[in-house]
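Student: Have a look at the structure that comes next, please.
Since every read-out is calculated from the coordinates, none of them should be taken as a lab result. In this text, all values refer to a predicted model and were calculated from it rather than measured experimentally.
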Amino acid sequence: MTARSVPEWIGKTPDTLAPPRVRLRVFQNAGGCCHACTRKITASDRWDCDHVVALINGGQNRESNLAPICGNCHPTKTAADVAVKSKTYHKAAKAAGVKRKRSSFQTSRDGRWKAKIGGGVVPRD
Ligand SMILES: [Zn+2]
């Protein structure tokens with residue numbers, strides 16, 4: 001730590017948005033490049049502070065987990081984060097023996113009705 005270093009910004013809550021000075025630091029630390037496509041972000045580009053490890057995947061709302069992302073990449077990154085989240089969840093659920101919610105539809109395996117391959121339902125005997 002030098003006298004010039006500033007303490008890392010840590011969001012008070014997971015929803016706290018990084019203030020402008022932190023956005024600027026995040027931008028400068030990344031060399032002004034989108035962390036997904038590495039494209040240089042210019043003043044006319046829209047960009048956001050992205051959580052490198054998404055909050056839904058256990059990432060923290062703090063400066064060291066933030067990186068600039070351009071408007072082109074952000075939707076893709078968010079979709080990828082959600083996909084990871086879903087995969088992680090199912091893995092963890094399986095490991096914990098948590099079963100997926102059963103369909104209550106009557107043609108489910110232990111229901112009274114059986115779906116026929118050609119369509120329609122018949123009573124299970
Ligand atoms: Zn990008």
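Student: Name the aspartates and glutamates eligible as straight-distance cross-link partners of K116: C-alpha to C-alpha under 15 Å, and not fewer than 8 places from it in the same chain.
Tutor: Within the straight-line limit of under 15 Å, K116 reaches these aspartates and glutamates: D125.
Student: With springs connecting C-alpha atoms under 10 Å apart, model the chain as a Gaussian network and identify which of R112, R100, R25 has the largest mean-square fluctuation.
Tutor: R112
Student: Moving on. Evaluate 2.2 N^0.38 Å with N set to the residue count of region 4-108, then give the Cα radius of gyration divided by it.
Tutor: Here the Cα radius of gyration is 1.40 times the empirical estimate.
Student: Moving to a separate point now. Just to check I understand the Karplus step: with θ = phi - 60° and J = 6.51 cos²θ - 1.76 cosθ + 1.60, what whole-Hz values come out for region 28-33, glycine and proline as x?
Tutor: 5, 4, 8, x, x, 10
Student: So what is the calculated 222 nm ellipticity per residue for the chain, using -39500 (n - 2.57) for each DSSP H run with n of 4 or more, over all residues, to the nearest 500 deg cm²/dmol?
Tutor: It lands at -8500 deg cm²/dmol.
Student: Under 25 Å Cα to Cα from K91, which lysines show up? Leave out anything in the same chain fewer than 8 places away.
Tutor: K91 reaches K77, K99, K101.
Student: Further, regarding this structure: Can you give the direction-averaged projected area of the convex hull of the alpha-carbon atoms in region 18-77, in nm²?
Tutor: Computed as one quarter of the Cα hull surface, the answer is 3.8 nm².
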